[in-house]
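Working notes for the structure below.
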Amino acid sequence: MNIAVLSRNPALYSTQSLVQAARRAHHYVRVIDYVNCDIVIDSENPKIIYHGQTLQNIDAIIPRIGAGHTAYGAQIIRQFEAAGVYSTLGPSPLLEARNKIASMQILSSHGLMIPKSLLSNNSLFFDDLMNELEDDRAIVKLVNGTHGLGVILAHSHKQATSIMEAFAKSKSKVFVQEFIEEAGGADIRVFIVDGNIEGTMKRQAKEGEFRSNLHRGATANVEPISDIEAQTALKAAKILGLKIAGVDMLRSKKGPMILEVNASPGLEGIETTTRNDIAGKIVAMIERDTNKK
Ligand SMILES: Nc1ncnc2c1ncn2[C@@H]1O[C@H](COP(=O)(O)OP(=O)(O)OP(=O)(O)O)[C@@H](O)[C@H]1O
Ligand SMILES: [Mg+2]
């Protein structure tokens with residue numbers, strides 16, 4: 001089979017891992033920088049042009065779309081699908097999962113728990129809106145933050161309101177969330193491929209930090225999860241239409257709460273922590289879905 005990994009950087013661990021897994025399974029594989037693809041939208045002959053050449057004979061794509069290129073990445077995936085190419089990630093699931101507010105709305109409307117979240121367009125209403133939270137502490141989050149940057153723990157409603165006002169002044173979109181203290185600075189990452197859980201790990205924040213991002217110095221270890229946690233993670237991926245997903249959950253006293261569902265989850269942390277060949281599982285899924293070897 002002819003597989004393309006859509007990635008900006010062939011040297012990245014995840015890209016490399018997928019390329020090697022495809023080669024091990026005797027497929028032809030190349031890395032395509034989707035940001036440098038041009039598209040021809042046409043009902044008869046939709047095309048994707050890369051470095052001046054029309055891409056042809058590709059059977060499957062594995063999109064690895066960076067956070068800064070979500071919209072263009074989705075357009076390129078849609079174009080490949082229009083040309084009859086199988087994709088491990090659809091354009092709509094990518095767009096939905098990347099929208100933090102929309103995905104929280106969708107998941108909670110399906111009965112999954114998320115930390116209670118508050119959003120307002122008007123900074124004059126922040127003060128009153130805070131009354132929706134029981135605890136005096138609150139998490140203020142940038143809608144478009146990553147790697148834990150833009151996730152702030154406010155120790156009072158007053159403090160949270162001031163932080164929100166400052167963000168609103170600089171035109172950054174923020175929302176407030178209940179602080180799940182009992183998570184103890186840890187979150188659970190569940191890696192799903194094709195409706196199966198392929199790896200679970202716990203990321204624990206370093207001493208004195210509540211954010212469990214590896215970029216903020218957290219450590220990761222294999223962690224067994226409960227049935228209810230497994231069901232929650234699988235349901236979240238299914239609701240968002242993701243065949244590959246990294247579901248992040250907090251262990252709250254009410255049960256598992258979903259923090260985020262990642263549509264292009266990195267392979268390095270989970271493969272090195274669990275020693276599972278997850279890229280190989282992704283290639284096997286493509287073979288099953290396309291009936292090609
Ligand atoms: N409501 C909360 N209660 C307790 N801890 C939280 C809460 N929200 C976030 N955290 C901690 O902060 C970390 C970072 O938060 P989050 O994952 O929401 O943002 P991010 O990592 O910056 O964004 P993204 O995951 O989209 O890259 C989480 O992994 C978790 O450890
Ligand atoms: Mg995160």
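Just the residues that are among the hydrophobic types (A, V, I, L, M, F, W, C) and touching a Leu at 6+ places or on another chain (Cβ under 6 Å), please, taken from the range 168-190. Result: Val174, Phe175, Val176, Ile180, Ala183. Restricting attention to the range 261-284, the residues that are on the phi < 0 side of the Ramachandran plot, assigned to a loop (DSSP other than H, G, I, E, B) and either touching a strand residue (DSSP E or B) at 6+ places or on another chain (Cβ under 6 Å) or without any contact (Cβ under 8 Å) to a residue 24 or more places away in the chain (or both) total 2.
Take Ile258 and tell me if it is crowded, with 18+ Cβ neighbours inside 10 Å, within 14 Å of ligand 2 (Cβ to nearest atom) and outside any helix (DSSP H, G or I). Answer is yes for this residue.
Just checking, how many residues over the range 213-239 are touching a residue at least 60 places away in the same chain (Cβ under 8 Å) and within 16 Å of ligand 2 (Cβ to nearest atom)? Give the derivation first.
Kept after step one, since they are touching a residue at least 60 places away in the same chain (Cβ under 8 Å), are these residues of the range 213-239: 213, 215-216, 232, 235-236, 239.
From the residues that got through so far, the ones that are within 16 Å of ligand 2 (Cβ to nearest atom) too are 213, 215-216, 236.
Total meeting the criteria: 4.
Taking the numbered list (1) surrounded by fewer than 19 Cβ atoms within 10 Å (Cβ to Cβ); (2) of a type outside the set (Val, Ile, Thr); (3) within 25 Å of Ile101 (Cβ to Cβ) in turn, Glu207 passes all entries but (3). Looking at the structure I just gave you, is Gly269 within 16 Å of ligand 1 (Cβ to nearest atom) and either outside the structural domain of Gln105 (by TED's automatic domain parsing) or at pLDDT below 95 (or both)? Considered against the rule, which asks whether it is within 16 Å of ligand 1 (Cβ to nearest atom) and either outside the structural domain of Gln105 (by TED's automatic domain parsing) or at pLDDT below 95 (or both), Gly269 comes out as yes.
Just for the range 95-140: of the residues that are within 16 Å of the chain's Cα centre (by Cα) and not in a helix (DSSP H, G or I), which one is surrounded by the most Cβ atoms within 10 Å (Cβ to Cβ)? If you could, list the steps in order and put the result at the bottom.
Initial filter on the range 95-140 (within 16 Å of the chain's Cα centre (by Cα)): 95-107, 114.
When the remaining residues are screened for being not in a helix (DSSP H, G or I), the result is 99, 114.
Values: Asn99: 15, Ile114: 20.
My answer is Ile114.
Just checking, which of Ile188, Ile180, Ile152, Ile197 is more than 16 Å from ligand 2 (Cβ to nearest atom) and β-branched (Val, Ile, Thr)?
Numbers: Ile188 fails: more than 16 Å from ligand 2 (Cβ to nearest atom); Ile180 fails: more than 16 Å from ligand 2 (Cβ to nearest atom); Ile152 fails: more than 16 Å from ligand 2 (Cβ to nearest atom).
Exactly one residue qualifies, and that residue is Ile197.
Going by what's in this entry, would Ala233 be described as within 20 Å of Gly255 (Cα to Cα), away from ligand 1 (no atom under 12 Å from the Cβ) and of a type in the set (Gly, Ala, Ser)?
Numbers: within 20 Å of Gly255 (Cα to Cα): yes; away from ligand 1 (no atom under 12 Å from the Cβ): yes; of a type in the set (Gly, Ala, Ser): yes.
Criteria met by Ala233.
Only one of Ala71, Ala11, Ala60 is outside the structural domain of Ile258 (by TED's automatic domain parsing) and crowded, with 21+ Cβ neighbours inside 10 Å. Can you tell me which? That would be Ala60, the only listed residue that is outside the structural domain of Ile258 (by TED's automatic domain parsing) and crowded, with 21+ Cβ neighbours inside 10 Å. In the range 141-152, the residue that is farthest from ligand 1 (Cβ to nearest atom) out of those that are surrounded by 17 or more Cβ atoms within 10 Å (Cβ to Cβ) and modelled with pLDDT of 90 or more is Ile152.
Would you check which residues across the range 160-197 are touching a residue at least 60 places away in the same chain (Cβ under 8 Å), within 16 Å of the chain's Cα centre (by Cα) and either buried (at least 20 other Cβ atoms within 10 Å of the Cβ) or within 16 Å of ligand 1 (Cβ to nearest atom) (or both) and list them? Residues satisfying the conditions are Asp187, Ile188, Arg189, Phe191, Val193.
The values are calculated or read from the model by the stated rules, or taken from the named source; none is laboratory data. Quick caveat: nothing in here was measured; it's all calculated off a predicted structure. As a convention, Cβ positions derive from the backbone with ideal geometry for all residues, glycine included, and neighbour counts pool all protein chains shown.
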